[in-house]
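Right, one structure below, let's go through it.
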Amino acid sequence: MELRVTSLPGDGIGPEVTSQAICVLEEVADGFGHDLELDEKEIGGVALEKFGNPLPDATLQACLASQAVLLGAVGSPAFDHNPRELRPEAGLLRLRQELGAFANLRPAVFFPMLAGCSPLREEIVKGTDILIVRELLGGLYFGQPRSMEGAPGGRQAVNTMRYSEPEIERIARVAFQLARTRRRRVLSVDKSNVLECSRLWREVVTRIGHDFPDVQLCHQYVDSAAMALVLKPTEFDVILTENMFGDILSDLAGGVVGSLGLLASASIGGPVGLFEPVHGSAPDIAGQGIANPLGAILSVALMLRHTFQLPKEAECVEAGVIAILGGGFRTRDLARPDERTVSTEEMGAQIAEFVRLAAHAGERAAS
Ligand code: IPM
Ligand code: MN
């Protein structure tokens with residue numbers, strides 16, 4: 001099968017983790033007999049520097065012409081004082097919009113061999129397996145009007161949280177459908193005691209829930225859900241929530257399972273899927289070879305599963321991550337003080353090697 005992928009390494013640790021994820025993807029293509037066609041383009045700060053645009057047209061066209069996009073990270077302190085549309089993040093937000101990627105899936109799974117990484121006691125965090133379904137194209141991120149006006153000292157800034165019924169319906173359906181592949185529980189997170197958007201959200205999600213009588217639906221306010229995530233993370237299955245709440249809760253979930261560096265994401269719903277680790281560009285550690293590539297590598301697994309419908313290949317990558325963590329390999333973010341650490345590159349190479357051996361073992365078994 002042909003796999004047409006655009007890679008957007010982006011800023012900070014983006015290029016380091018993306019190149020490891022690509023190594024793994026190449027090994028998958030090789031080992032399972034797929035034809036990988038890769039196109040690398042600029043986004044974010046690197047694109048701003050080179051073209052004065054965080055999402056150059058050539059990048060967007062390449063993404064639209066491919067089947068899936070693998071993104072590293074965007075964001076750099078060099079552009080902190082730029083106007084909004086000339087910040088690296090603006091490139092990513094526009095890309096999500098252009099790709100119609102309204103459903104952002106962010107799994108947060110606890111790996112038993114990483115028990116010591118979570119700040120929570122093992123008996124609290126053991127068994128955690130959460131899927132955050134974050135609405136990605138609405139709410140405060142995109143709502144109009146938005147502005148900052150006035151003279152320094154007396155300025156005013158405005159953002160708008162806006163949701164329409166169809167926007168809520170379509171993301172709710174994604175969450176309920178995914179819940180059917182899991183433990184059949186959806187927790188819808190809102191702030192309906194204060195916000196109109198959330199009242200509409202709760203009403204629409206409840207209505208869509210009637211189409212999924214086999215899925216248990218509960219509602220919780222976001223502040224209370226944040227506390228519960230820390231106190232009893234194992235009680236969550238699918239969390240369905242709006243854009244900003246999902247952004248915040250997914251970093252929290254990363255902390256709960258031990259490192260944000262482990263979290264992968266899939267942004268789907270449009271014609272081209274966008275896959276990226278949940279972590280940011282981490283400029284403080286960029287270029288040192290110590291970043292954790294597992295979030296990017298697990299994003300490749302999500303790409304194989306969601307865009308290419310290749311579950312065996314996806315499972316092979318995930319099995320690789322589990323095996324290599326089981327073998328004691330740790331990037332710095334995962335290591336306890338007495339543990340040896342490996343570089344970004346070595347971690348990637350270990351997973352790639354696992355995939356190579358597993359694919360060939362499968363070949364031998366089949367012949
Ligand atoms: C994320 C990031 C982005 C977001 C930024 C970089 C625009 O934090 O993917 O979680 O807020 O969506
Ligand atoms: Mn975020």
Is it the case, given these coordinates, that residue 284 is under 18 Å from residue 134 (Cα atoms) and among the charged types (D, E, K, R)? no
Restricting to region 245-275, and then to whatever is open to solvent by 10 Å² or more (accessible area, probe 1.4 Å) and more than 28 Å from residue 123 (Cβ to Cβ), can you tell me which residue is farthest from ligand 2 (Cβ to nearest atom)? 271
Taking residue 319 and the conditions (1) hydrophobic (A, V, I, L, M, F, W, C); (2) more than 16 Å from ligand 2 (Cβ to nearest atom); (3) within 16 Å of the chain's Cα centre (by Cα), which numbered condition does it fall short on, given that it satisfies the others? (3)
Please find, within region 232-244, the residue that is nearest to ligand 1 (Cβ to nearest atom) out of those that are buried (at least 20 other Cβ atoms within 10 Å of the Cβ) and not acidic (Asp, Glu). 243
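With region 19-117 as the region, which helices (runs of 4 or more DSSP H) entirely inside it contain at least 2 residues that are touching a residue at least 60 places away in the same chain (Cβ under 8 Å), aliphatic (A, V, I, L, M) and more than 20 Å from residue 264 (Cα to Cα)?
Details: elements: 45-51, 57-65, 88-98.
In region 19-117, 57-65 are the helices (runs of 4 or more DSSP H) which contain 2 or more residues that are touching a residue at least 60 places away in the same chain (Cβ under 8 Å), aliphatic (A, V, I, L, M) and more than 20 Å from residue 264 (Cα to Cα).
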So, in region 299-312, of the ones that are touching a residue at least 40 places away in the same chain (Cβ under 8 Å), open to solvent by less than 30 Å² (accessible area, probe 1.4 Å) and more than 15 Å from ligand 2 (Cβ to nearest atom), which residue ends up farthest from residue 13 (Cα to Cα)? 310
(1) under 24 Å from residue 110 (Cβ atoms); (2) within 16 Å of ligand 1 (Cβ to nearest atom) all hold for residue 283 apart from (1)
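The values are calculated or read from the model by the stated rules, or taken from the named source; none is laboratory data. Just so you know, these numbers come straight off a predicted model, no measurement behind them. Counting neighbours? That spans all protein chains shown, and the Cβs are built from the backbone with ideal geometry, glycine included. Heavy atoms of the whole protein, side chains included, go into the accessibility calculation; ligands, DNA and RNA do not. Shrake-Rupley method; radii C 1.70, N 1.55, O 1.52, S 1.80 Å.
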